[in-house]
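Accompanying notes for the structure given below.
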Amino acid sequence: MNDKITLYLMSSSGSTMRQTSISRTVIATGGFFLLVLSLICGYALFDYLKLKKTFINSISLERKIGDQEEEIRIQRQQIQSFASEINGLKNQIVELNEFEKKIRIIANIEKAPEDEGLFGIGGSIPEDINTSIRITTKHDSLLREMHDQVGELDIAFSNQQKGLGELLTGLESKRNLLLCTPAIRPSKGWITSKFGYRESPFTGRREFHKALDIANREGSDIFATADGTVTFMGQKGMLGNTIVIDHGYGMVTRYAHLKKFHTKKGASVKRGEKIGEMGNTGRSTGPHVHYEVRLNGVPVNPSQYMLN
């Protein structure tokens, strides 16, 4: 059997002819390798096209992820801002409630029994978001909490409005009493000794301080804290230069250790009117005003009668 294939190659002019023999095995082997090469090239091309499509899809996915992350970041900032605003409102309501309580104490106007205990707001909403917790879970929790807090704020606003309306009605009926009730500081400065038990700056022993000491530079203005009549002006033992004002309704205030007087005994004074100057007279460790508030002869905490 002939295992070779003979090829006759003729020139274009037809003048010469060349004979070439190729083994059938070589042709079969070459064909096999060509087939394998074609398959490899085809698979490589297919894999390349597949990878290219995957790469394009991954770029598109990265862009979507980037857009979503930016949207989440903006939402996080909005939630944090909203939480901060809610906490701010809550603090304002608490401060307003405390202010109302102080005015009620001064004006001796009690809340209606059914209104007691209505005011109450939960704790603060966290304004930071822990990124280690799933964002959707954390956001959902915060949104639910903010929704609950807004509901509480709505109730608190309603209660506060009702309370202030009652307070206004009471204040209108007690205008004269309020004018004669101490409500401001007797002087600018800083509190150096509070009302209550303290260690005496002179003996070192524990004693009850019946006043509030406010220190400032010598000569600072001293003001009447409510309308009233000056019933005493002069030296008063260890208190030094002292002014006593009777405000009526059992309310009396004392201003001691003064340097100068700017009023006289028997004078009618108005709240905020200058009555003297801060000094260091009597038994004193430095320039300050010893400020007492007495109700029916009993010393009470002056800080309860300071709205400013």
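What's the FRET efficiency of residue 78 with residue 159 using the Cβ-Cβ distance as r and R₀ = 45 Å, to the nearest 0.05? Calculated value: 0.95.
Of the cross-linked pairs 90/194; 194/274; 101/162; 102/259; 102/274; 102/260, those separated by over 21 Å at the C-alpha level are 90/194; 194/274; 102/259; 102/274; 102/260. Between the amide H of residue 283 and those of 239, 240, distances stay under 5 Å, these residues lying 5 or more places away or on another chain, with hydrogens modeled in the peptide plane.
Classify the stretch 266-308 from the C-alpha gyration tensor, please: rounded if a/c falls under 1.5, else prolate or oblate depending on whether a/b exceeds b/c.
The shape class here is oblate.
Relative to the present Cα-Cα distance, how much length would full extension add between residue 69 and residue 203 at 0.36 nm per residue of separation?
Gain on stretching residue 69 to residue 203: 41.4 nm.
Would you please classify the overall shape of the stretch 190-305 from the alpha carbon gyration tensor, given that a ≥ b ≥ c denote the square roots of the eigenvalues, rounded means a/c under 1.5, and beyond that prolate means a/b larger than b/c while oblate covers the rest? Cα axes put the stretch 190-305 in the oblate bin. Is the shape of the stretch 4-65 rounded, prolate or oblate, going by the alpha carbon gyration tensor and its root eigenvalues a ≥ b ≥ c, with a/c under 1.5 for rounded and a/b larger than b/c for prolate? Judged from the Cα gyration tensor, the stretch 4-65 comes out oblate (a/c at least 1.5, b/c at or above a/b).
All of the numbers you see were taken from the coordinates with simple rules; none came from a lab. As the structure is a prediction and not an experimental result, all values here were calculated from the model. Cβ: placed from backbone, ideal geometry, glycine included. Neighbour counts: every protein chain shown.
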